[in-house]
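The values are calculated or read from the model by the stated rules, or taken from the named source; none is laboratory data. It should be emphasised that the depicted structure is a prediction, and the values quoted were computed from it without experimental measurement. Glycine also receives a Cβ, built like all others from the backbone with ideal geometry; neighbour counts cover every protein chain displayed.
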């Protein structure tokens, strides 16, 4: 198993979060607000478990609310208030903070339902232990579900529509080599009703594991 704290720099996973009450709004017809909050927290716990299982001892969660702050601290992470104007600004500030503290940056979204330690390890291997920019594409929408930026490289996140192509173009313009990681658990994030239905087929009982108290609304 790769220890991400070995080598000249440490890789710090960075997970940006919204307040729980603002998360998964597109699932409002399927979930009560309380269940959406529990779902979001459950997904975040899966991501944290994958980080811990990959022997990465340090991670940052940016933004959220008091419940997220307590969850992060209860799992020995560092919670940082969000001062960014939007997701890309938030992540750019976090990348800059990581650079200043001599860390490589590893962006992970907090809603990867299938992520496992092996996915994080595969990402690290693709990066040659943090020496390459590494991108993990989303499976369905042209997005980017993970970015590893080595310490000393000033790479700007461009999350949103067609972000994967934009990140490749930015790296090409900078003449920086890119590794692409297609590890399964990094390819799927959870946003829509279609995602829910597809993921329940992929892992029966997923929702009940993420939200044990969930009952379909009538």
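Listed values, structure above:
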| item | result |
| --- | --- |
| Of all residues making up segment 100-124, the number that are surrounded by fewer than 18 Cβ atoms within 10 Å (Cβ to Cβ) and in contact with a strand residue (DSSP E or B) (Cβ under 9 Å, 6 or more places away or on another chain) | 2 |
| Unmet requirement for residue 146, which otherwise passes all of (1) in contact with a strand residue (DSSP E or B) (Cβ under 8 Å, 6 or more places away or on another chain); (2) surrounded by fewer than 18 Cβ atoms within 10 Å (Cβ to Cβ) | (2) |
| Hey, residue 169 at pLDDT 90 or above, exposed (fewer than 14 other Cβ atoms within 10 Å of the Cβ) and more than 16 Å from residue 24 (Cα to Cα) or not | yes |
| Qualifying residue in segment 92-99 (condition: at pLDDT 95 or above and under 28 Å from residue 196 (Cβ atoms)) | no |
| Which numbered condition residue 89 misses (of (1) in a loop (DSSP other than H, G, I, E, B); (2) out of contact with any helix residue (DSSP H, G or I) (no Cβ under 9 Å at 6 or more places or on another chain); (3) free of Cβ contacts under 8 Å to residues at least 24 places away in the same chain) | (1) |
| Residue 203, sole failed condition from (1) modelled with pLDDT under 95; (2) in contact with a helix residue (DSSP H, G or I) (Cβ under 9 Å, 6 or more places away or on another chain); (3) surrounded by 14 or more Cβ atoms within 10 Å (Cβ to Cβ) | (3) |
| Failed criterion for residue 60 (all others in (1) without any contact (Cβ under 8 Å) to a residue 40 or more places away in the chain; (2) touching a helix residue (DSSP H, G or I) at 6+ places or on another chain (Cβ under 7 Å) hold) | (1) |
